[in-house]
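Readers should treat all values here as calculations from the given coordinates under stated rules, not as data from a laboratory. Since we're looking at a predicted model, the values are computed, not measured. Virtual Cβ from ideal backbone geometry, glycine too; neighbours counted across all protein chains shown.
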C-alpha cells in the first residue's frame with residue numbers, strides 16, 4: 001500500500017442541527033466538511049475503473065446524510081461519527097475529517113470554528 005495515496009473532498013456544504021446551545025439544536029446552521037480518505041489507489045490507476053476505488057460521490061452523500069440526520073452537541077462527536085461511517089468501507093485505511101461551523105454563536109468576528117480528527121481502520 002502507498003500510505004500517501006488519498007482521495008480529497010473539499011468544502012461539502014450542508015445544514016445541520018449541531019451545537020451545545022439549545023438554539024443550535026432547534027435551527028439548522030451551515031457546516032462545511034473536508035475529507036482526506038487514505039487508501040491504496042494503484043488498482044484504480046492501472047484499471048481506470050470506478051469499481052476499483054472509493055466513489056467520492058458516495059462519500060459526499062454519506063457525509064450529507066450524517067450531518068442532516070443526526071444531532072450532536074460537539075463537533076468532535078459529529079466528526080467522529082463521519083469517520084466511523086467512512087471506515088466501514090474495508091478499502092479505506094485512514095480518514096481525516098474536518099468539520100467547520102460557519103456561523104458559530106460567538107460574539108466575535110470570525111469565519112468559522114472547527115475540528116479535525118484522524119482515525120485509522122482497526123483492521
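Summary table below
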read-out	value
Nearest-ten-degree value, helix 75-86 long axis tilted from longest Cα axis of the chain	20
Neighbour-count order for 106, 82, 92, 117, fewest beta carbons within 10 angstrom listed first	106, 117, 92, 82
Which of 118, 109 has the fewest Cβ neighbours within 10 Å, and the rest in rising order	109, 118
Segment 1-47 - convex hull of the alpha-carbon atoms, volume per residue in Å³	92
Cα shape, segment 64-123, gyration tensor, a/c 1.5 rule	prolate
Against the rule of thumb 2.2 N^0.38 Å, how large the Cα Rg of the chain comes out	1.14
Helix-only CD estimate at 222 nm, as mean residue ellipticity for the chain, using -39500 (n - 2.57) per DSSP H run (n ≥ 4)	-8500 deg cm²/dmol
